[in-house]
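Read-outs: derived from the displayed coordinates by stated rules, not from any lab. Keep in mind the model is a prediction, meaning the values are calculated, not measured. Here Cβ is always computed from backbone atoms with ideal geometry, including for glycine, and neighbour counts include all displayed protein chains.
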Amino acid sequence: MNKDTSELKQLINNCIRRHRASQKELYRRYYSYGLTVCLHYARNREEAEEILNDGFLKAFNKIHQYSHRSAFKSWLRKILIRSAIDYYRKYHLRSDRLDLDELPSTSEVENDG
């Protein structure tokens, strides 16, 4: 096991114990990577940052489920993609639909003609 792998493993173990400094360091290390992933799924940088923060929150809450057998980046990427899907469902799916109450009545349409 090389130094970077050992250091990451220790950092993750500290995150499992909810050490705030370790969570902050893990966030700092993977912020750029995570933002790049989220930008692929977001409409703009602001949305990407919101998805990223939601994703990291989920990751910290589920970090005890991470298996050191797989790459941490892959595990985090899955969480970020799922967070992007959740974000889309929450904010965009409903806003893209037209509400029937917003449609003009047929008498209004006929009067315009």
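Under the simplified labelling scheme, the E49-R17 pair shows an inter-label distance of 3.3 nm, with each label point 7 Å from Cα along Cα→Cβ.
Cross-link check: pairs K24/K62; K9/K62; K24/K73; K24/K58; K58/K78; K3/K58 evaluated at a Cα-Cα cut-off of 18 Å; pairs beyond the cut-off: K3/K58.
Other residues within the sphere of radius under 15 Å centred on the Cβ of I51, judged by their own Cβ, net out at +2 (K and R +1, D and E -1).
Would you kindly state how much longer the chain becomes between S70 and T5 on full extension, computed as 0.36 nm times their sequence separation minus their alpha carbon distance, in nm to one decimal?
Here the answer is 22.2 nm.
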